[in-house]
Amino acid sequence: MTDARIHDVVTAPPVQRVPVRGGGRFPVRRIYCVGRNFADHAREMGATAPASKAERGTPVFFMKPADAIVTGEAVPYPSATSDLHHEVELVVAIGADAPAGVLPVAQAQALVFGYTVGLDLTRRDLQAAAKAKGLPWDTAKGFDHSAPIGELVPAADAGPLGARQLELRVNGEVRQHAPLSDLIWDVPEILHELSKLYALRAGDLVFMGTPAGVAALQPGDRFEATLEGIATLRGTIQA
Ligand code: MN
């Protein structure tokens with residue numbers, strides 16, 4: 001029941017929505033991100049990559065605000081950095097609330113609505129400074145317009161992910177390229193691990209981590225990210 005005496009004191013912020021292939025839109029609740037989920041990228045960042053599944057430990061998680069999503073072609077170059085990096089990633093969309101408690105790996109796939117490709121844009125200079133001081137990554141990762149994302153493709157239309165290739169081209173040149181079979185933690189495993197920490201809900205997105213080849217983007221750069229056979233994201237970095 002609405003109480004007419006209670007009113008919003010500012011305009012309610014809009015919900016970000018991602019277009020879905022075949023129709024409809026996916027409203028975004030939260031954006032979870034996985035760090036160090038490809039061994040070659042962990043090594044290029046100076047971290048140790050696990051030698052086997054048994055040595056994986058626990059995944060690295062961080063978040064971006066839901067309104068960091070960009071669905072158009074124009075991505076503004078952010079403030080406060082001179083080293084904006086691209087990280088091409090598989091993005092998983094959660095289509096149903098998880099049951100209470102820890103989500104078993106075998107039940108995780110049932111929560112997946114669909115997939116697309118996205119960029120986990122990173123102020124690498126701020127991240128390096130934060131890492132050096134043991135400080136949080138928020139200003140390096142969770143800034144405005146830091147999550148350009150493609151059209152969502154329902155899982156039933158996408159088919160199995162298998163060893164599909166994740167690729168990023170900048171101005172036509174391949175910067176990042178790896179098969180999803182290189183993921184240290186696959187999608188059901190990541191959802192299982194996330195459910196130990198958070199209640200997964202319909203509307204959540206998960207950026208699954210990036211392979212090697214991260215590098216700087218400059219104003220004017222054109223990027224094209226692809227999740228082989230499923231989704232493509234094109235855009236331009238604006239001055
Ligand atoms: Mn990333």
- Item | Close pairs (9 angstrom Cβ cut-off, 6 or more residues apart or separate chains): at positive phi in the range 32-61, within 12 Å of the ligand (Cβ to nearest atom) and open to solvent by less than 30 Å² (accessible area, probe 1.4 Å) anywhere | ARG36/ALA42; ARG36/PRO59; ARG36/GLY209
- Which condition number in (1) within 16 Å of the ligand (Cβ to nearest atom); (2) open to solvent by less than 10 Å² (accessible area, probe 1.4 Å) is the one that LEU152 fails? (1)
- Which of (1) under 16 Å from the mean Cα position of the chain (by Cα); (2) open to solvent by less than 70 Å² (accessible area, probe 1.4 Å); (3) within 16 Å of the ligand (Cβ to nearest atom) does GLN16 not meet, given it meets every other one? (3)
- Query: Here are GLY95, GLY72: which of them is under 17 Å from the mean Cα position of the chain (by Cα), exposed (fewer than 15 other Cβ atoms within 10 Å of the Cβ) and either hydroxyl-bearing (Ser, Thr, Tyr) or closer than 29 Å to GLU228 by Cβ (or both)?
  - Reply: GLY72
- Message: Quick check on the range 204-224: of everything there that is buried (at least 21 other Cβ atoms within 10 Å of the Cβ) and out of contact with any His (no Cβ under 8 Å at 6 or more places or on another chain), which residue is nearest to LYS141 (Cα to Cα)?
- Response: PHE207
- Taking the condition in contact (Cβ under 8 Å) with a residue 40 or more places away in the chain, away from the ligand (no atom under 16 Å from the Cβ) and open to solvent by less than 10 Å² (accessible area, probe 1.4 Å), does LEU191 pass? yes
- Residue tally, condition surrounded by fewer than 21 Cβ atoms within 10 Å (Cβ to Cβ) and assigned to a strand (DSSP E or B), over the range 155-166: 1
- Looking at (1) more than 16 Å from the chain's Cα centre (by Cα); (2) touching a residue at least 12 places away in the same chain (Cβ under 8 Å), can you tell me which one PRO211 breaks? (1)
- Query: Which residues, counting only those in the range 76-92, are open to solvent by 40 Å² or more (accessible area, probe 1.4 Å) and under 28 Å from GLN165 (Cα atoms)?
  - Reply: PRO76, TYR77, ASP83
- Taking the range 167-188 and keeping only residues that are in contact with a Gly (Cβ under 9 Å, 6 or more places away or on another chain) and open to solvent by less than 20 Å² (accessible area, probe 1.4 Å), one is left with LEU168, GLN176, ALA178, LEU180, TRP185
- Message: Among (1) without any contact (Cβ under 8 Å) to a residue 12 or more places away in the chain; (2) hydrophobic (A, V, I, L, M, F, W, C); (3) away from the ligand (no atom under 16 Å from the Cβ), there is one condition ALA66 misses while meeting the rest; what is its number?
- Response: (1)
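The values are calculated or read from the model by the stated rules, or taken from the named source; none is laboratory data. Since the model is a prediction, treat every value here as computed from it, not as a measurement. Positions of Cβ are backbone-derived with ideal geometry, glycine not excepted, and every protein chain shown enters the neighbour counts. Surface areas here come from the heavy atoms of the whole protein model, side chains and all, with no ligands, DNA or RNA. Shrake-Rupley method; radii C 1.70, N 1.55, O 1.52, S 1.80 Å.
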